[in-house]
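Contents: one structure, followed by commentary.
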Amino acid sequence: MRGFIREFPTVHLVIGVAGNVIFFVGSVLFLWSWAEQSAIWLFIIGSFGMMLGAIGQAVYIHERHRLNGAPGEWRARETVPQ
């Protein structure tokens with residue numbers, strides 16, 4: 001799991017953005033009473049996606065700092081060819 005988290009930071013961003021879009025659509029659907037049930041589920045699913053994206057990004061950042069040293073050092077290491 002950690003390997004996945006470290007290797008695919010874009011996945012976490014996509015999950016978070018998708019969660020935000022779903023959350024937004026669910027919020028808009030609350031404007032009409034006939035769509036309330038769908039709005040509730042989209043609100044819940046979107047919130048969960050946003051949470052997963054944020055957790056994945058936090059773990060990714062933590063792992064990057066843990067593996068590469070102090071914050072700010074990783075940029076220098078990534079730009080220098082080895």
Look at residue 41 and say whether it is surrounded by fewer than 11 Cβ atoms within 10 Å (Cβ to Cβ) and at pLDDT 90 or above.
no
Answer with yes or no whether residue 57 is open to solvent by 50 Å² or more (accessible area, probe 1.4 Å), in a helix (DSSP H, G or I) and modelled with pLDDT of 90 or more.
no
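The values are calculated or read from the model by the stated rules, or taken from the named source; none is laboratory data. The structure displayed is predicted, hence computed values, not measured ones. Heads up, the Cβs are rebuilt from the backbone with ideal geometry, glycines too, and the neighbour counts pull from every protein chain shown. For the accessible areas, the whole protein counts, side chains as well, though only heavy atoms, and no ligand, DNA or RNA atoms are used. Shrake-Rupley method; radii C 1.70, N 1.55, O 1.52, S 1.80 Å.
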